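Peer 1: Structure provided below as structure tokens; questions to follow.
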Amino acid sequence: MLPHFSFAEQAPELAPVDVLVLGHFEDDALPEATAAIDRATEGLIGRARARGDARTRLGYTALLRYPSGVPAERILLVGLGKRAEFDALAFRSALDSAHRALRDLPARRWGNTLLQIEIPHRDESWRTRQAVLSAAQAAYRYSATKRPKNDEGQGPEEVLLFGVERPVQALNEAAAEARAVALARELGNLPPNICTPAYLAERARALAEGETLASVEILDRAAMEQLGMGALLAVAKGSANEPRLIVLSWKGGPSEQAPIALVGKGITFDTGGINLKPSNGIEEMKFDMCGAAAVIAVFQAVRELRLPINLIAIAAAVENMPDGAAYRPSDVITAMDGTTIEVLNTDAEGRLILCDAMLYAKRFKPQAMVDVATLTGACVVALGKHASGLMSRDEALAAELLAASEESLDRAWRLPLWKDYDKQLESAFADIANIGGKWAGAITAGCFLARFAEGVPWAHLDIAGTAWEEGRKGLATGRPVSLLLSWLRRRAAS
Ligand code: BES
Ligand code: MN
Ligand code: ZN
């Protein structure tokens, strides 16, 4: 489904591609590849610029068809804005604009020359990674449950990268990352009548197959009852689709090394339960398993890249439904460690499945634990759809994750988890309540989870705003797979 990526063997002016992406600045000389094409085409680029067909505003794209003098069938000229302002974000945004403009063309062989443009603090490997991820993001199509429309292009078959000195490792890492992002997107996009807890478990099982360093354990309702996972099971009570706790393990590191644990929220559909959600937008709650999809996808990339780390990826897969058997507001339930929880709202279900999954993860004595969850609407109110919410009481871990988010451009922003907020979770009838009232909903959800992470360096990523694009045609984004893989690659290297 994703195109094949490789480094070009030829100069851009000699490459037989269906479309060649070139950049130009508002206030700087033409980049080398752009200048070479301009010469070979006897000034085509200069004419397009002079006549206003190709603007230099960042992300403006102009398609020049069938140029003479070069084997390329088309040229896509992308505005890069002002040279001095061309930073990492501008670079990614130019790539994204270019790839979006290409995705519906009949062009199967894409060539990209933007990688040669230097930007501060980002090397060739980084530029290669971004070029691959951006092209893959644009090339992704959802097709599992529909027929393609006639006017949709088929997307690229091959992407050639020009202007870098073959950073092969970066290319391989990026291709694996792109496949992981695509998997997370696909699982997120699948409808909840197909993507049930059992379905997620089978997809995860397949990822552990045929590999001695990988294994999978899938806990069903009975196994979870044995373990006393009363919080997770309470959420599952109203659903005919039985819950699964999916535990993937990768042993690529030294056997004595403590694993890293990732825990994903996998609510395959969140109706809200007895505290039923309003109809408007409820269909988007099929994406409430994007945390689980992300950790499963990260596992796939770690396995593919054979990273020298030990990893436990846990996905708590549960459906939250209203029913005669469903849990109710005011129920008091008991988590695996004996903590009693007063359910004040059945729609605050994510933290209930995560607390048992995190307690289970602790059995592996992880060196660090990160949970990933579409946890609160409040996080979207706070940060919008640009940044994931990062919460942690561990300064070092928070700093590592923020650095990974800058590196990958899969951005996160930290919110505080001060003890002051803990008071909002007090309950008269149990050790803790599952909601913290009107204010700081993203943070009080984080505080709830913090209680169950006690003793382990832990961080929480609230991806409620970043996991999918809103609206009728909004697709899952695959976030925060890139952030997590950047973090794990760094951990593997240290
Ligand atoms: N899955 C939702 C969070 C959510 C809502 C994500 C909208 C993305 C968009 C979560 O289970 C939920 O319902 N949270 C409640 C918590 C509240 C009852 C304390 C919320 O955010 O409203
Ligand atoms: Mn909910
Ligand atoms: Zn939810």
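Peer 1: Looking only at residues in segment 243-272 that are assigned to a loop (DSSP other than H, G, I, E, B) and within 16 Å of ligand 3 (Cβ to nearest atom), which one is surrounded by the fewest Cβ atoms within 10 Å (Cβ to Cβ)?
Peer 2: G272
Peer 1: Now for a separate question. Can you pull out the residues in segment 264-301 that are among the aromatic types (F, W, Y) and within 13 Å of ligand 2 (Cβ to nearest atom)? Reasoning before the result, please.
Peer 2: Pass one, segment 264-301, residues among the aromatic types (F, W, Y): 269, 287, 299.
Correct list: F269, F287.
Peer 1: Taking segment 104-126 only, how many residues are outside any strand (DSSP E or B) and open to solvent by less than 70 Å² (accessible area, probe 1.4 Å)?
Peer 2: 11
Peer 1: Out of all the residues in segment 206-232, which are assigned to a helix (DSSP H, G or I) and touching a residue at least 24 places away in the same chain (Cβ under 8 Å)?
Peer 2: Of the residues in segment 206-232, the ones assigned to a helix (DSSP H, G or I) are 206-208, 221-227, 230-232.
Passing the criteria: L207, A208, M224, L227, G230, A231, L232.
Peer 1: Still on this structure: Of the residues that sit in segment 310-329 and are away from ligand 1 (no atom under 16 Å from the Cβ) and of a type in the set (A, V, I, L, M, F, W, C), which one is surrounded by the fewest Cβ atoms within 10 Å (Cβ to Cβ)?
Peer 2: The first filter runs over segment 310-329 and keeps only residues away from ligand 1 (no atom under 16 Å from the Cβ), leaving 310-314, 323-325.
Then keep just the ones that are of a type in the set (A, V, I, L, M, F, W, C); that gives 311-314, 325.
On the way: L311: 26, I312: 24, A313: 31, I314: 29, A325: 11.
Looking at the filtered set, the residue picked out is A325.
Peer 1: With respect to R57, determine if the residue is open to solvent by 70 Å² or more (accessible area, probe 1.4 Å) and either at pLDDT 95 or above or outside the structural domain of A29 (by TED's automatic domain parsing) (or both).
Peer 2: Numbers: open to solvent by 70 Å² or more (accessible area, probe 1.4 Å): yes; either at pLDDT 95 or above or outside the structural domain of A29 (by TED's automatic domain parsing) (or both): yes.
It is true that R57 is open to solvent by 70 Å² or more (accessible area, probe 1.4 Å) and either at pLDDT 95 or above or outside the structural domain of A29 (by TED's automatic domain parsing) (or both).
Peer 1: Is segment 294-305 home to any residue that is free of Cβ contacts under 8 Å to residues at least 24 places away in the same chain, more than 11 Å from ligand 1 (Cβ to nearest atom), part of a helix (DSSP H, G or I) and not hydrophobic (A, V, I, L, M, F, W, C)? Quick ask: steps written out before the conclusion?
Peer 2: First, the residues of segment 294-305 that are free of Cβ contacts under 8 Å to residues at least 24 places away in the same chain: none.
No: zero hits.
Peer 1: While we're looking at this one, here's another question. Filtering segment 274-293 down to residues that are of a type outside the set (D, E, K, R) and near ligand 1 (Cβ under 9 Å from one of its atoms), which residue is least open to solvent (accessible area, probe 1.4 Å)? Walk me through how you get there before you give the answer.
Peer 2: So in segment 274-293, the residues of a type outside the set (D, E, K, R) come out as 274-276, 278-282, 285, 287, 289-293.
Narrowing further to those that are near ligand 1 (Cβ under 9 Å from one of its atoms): 275, 281, 285, 287.
Working: N275: 49, G281: 25, M285: 35, F287: 9 Å².
Once the filter is applied, the top-ranked residue is F287.
Peer 1: Sticking with this one: Sort out which residues of segment 464-494 are in a loop (DSSP other than H, G, I, E, B) and in contact (Cβ under 8 Å) with a residue 24 or more places away in the chain, and write them in order of number.
Peer 2: First pass over segment 464-494, keeping only residues in a loop (DSSP other than H, G, I, E, B): 464-467, 469-475, 477-480, 494.
Within segment 464-494, A464, G465, T466, A467, E469, E470, G474, L475, T477, G478, R479, P480 qualify.
Peer 1: Would you check which residues across segment 273-293 are within 26 Å of G478 (Cβ to Cβ), in a loop (DSSP other than H, G, I, E, B) and within 11 Å of ligand 3 (Cβ to nearest atom) and list them? Before you say what the answer is, go through the steps one by one.
Peer 2: Taking segment 273-293 first, the residues within 26 Å of G478 (Cβ to Cβ) are 277, 280-293.
Checking the rest, the ones that are also in a loop (DSSP other than H, G, I, E, B) come to 277, 280-281.
Residue satisfying the conditions is K277 alone.
Peer 1: Now for a separate question. Does G281 satisfy being small (G, A, S) and more than 23 Å from L183 (Cβ to Cβ)?
Peer 2: Numbers: small (G, A, S): yes; more than 23 Å from L183 (Cβ to Cβ): yes.
When the stated conditions are applied, G281 passes them.
Peer 1: Sticking with this one: Can you spot a residue in segment 185-206 that is outside the structural domain of P243 (by TED's automatic domain parsing), touching a strand residue (DSSP E or B) at 6+ places or on another chain (Cβ under 7 Å) and buried (at least 22 other Cβ atoms within 10 Å of the Cβ)? Can you show your working first?
Peer 2: Looking only at segment 185-206, we keep the residues that are outside the structural domain of P243 (by TED's automatic domain parsing), and these are none.
Scanning segment 185-206 turns up no residue that is outside the structural domain of P243 (by TED's automatic domain parsing), touching a strand residue (DSSP E or B) at 6+ places or on another chain (Cβ under 7 Å) and buried (at least 22 other Cβ atoms within 10 Å of the Cβ).
Peer 1: Still on this structure: Determine which single condition Q130 fails, assuming it passes every other condition in (1) open to solvent by 30 Å² or more (accessible area, probe 1.4 Å); (2) touching a residue at least 40 places away in the same chain (Cβ under 8 Å); (3) in a helix (DSSP H, G or I).
Peer 2: (1)
Peer 1: What pairs can you find where one residue is in segment 374-390 and within 21 Å of E319 (Cα to Cα), the other is more than 11 Å from ligand 1 (Cβ to nearest atom) and of a type in the set (F, W, Y), and their Cβ atoms are less than 6 Å apart, with a gap of 6+ or different chains?
Peer 2: none
Peer 1: If you don't mind, there's one more thing I want to ask. Kindly indicate whether A430 is in the same structural domain as F287 (by TED's automatic domain parsing), touching a Pro at 6+ places or on another chain (Cβ under 8 Å) and of a type in the set (G, A, S). Let's see the steps before the verdict.
Peer 2: Working: in the same structural domain as F287 (by TED's automatic domain parsing): yes; touching a Pro at 6+ places or on another chain (Cβ under 8 Å): no; of a type in the set (G, A, S): yes.
Answer is no for this residue.
The values are calculated or read from the model by the stated rules, or taken from the named source; none is laboratory data. Note that the coordinates shown come from a computational prediction; the quantities given were computed from them, not determined experimentally. FYI the Cβ positions are ideal-geometry reconstructions off the backbone, even for glycines, and counts take in every protein chain you see. Heavy atoms of the whole protein, side chains included, go into the accessibility calculation; ligands, DNA and RNA do not. Shrake-Rupley method; radii C 1.70, N 1.55, O 1.52, S 1.80 Å.
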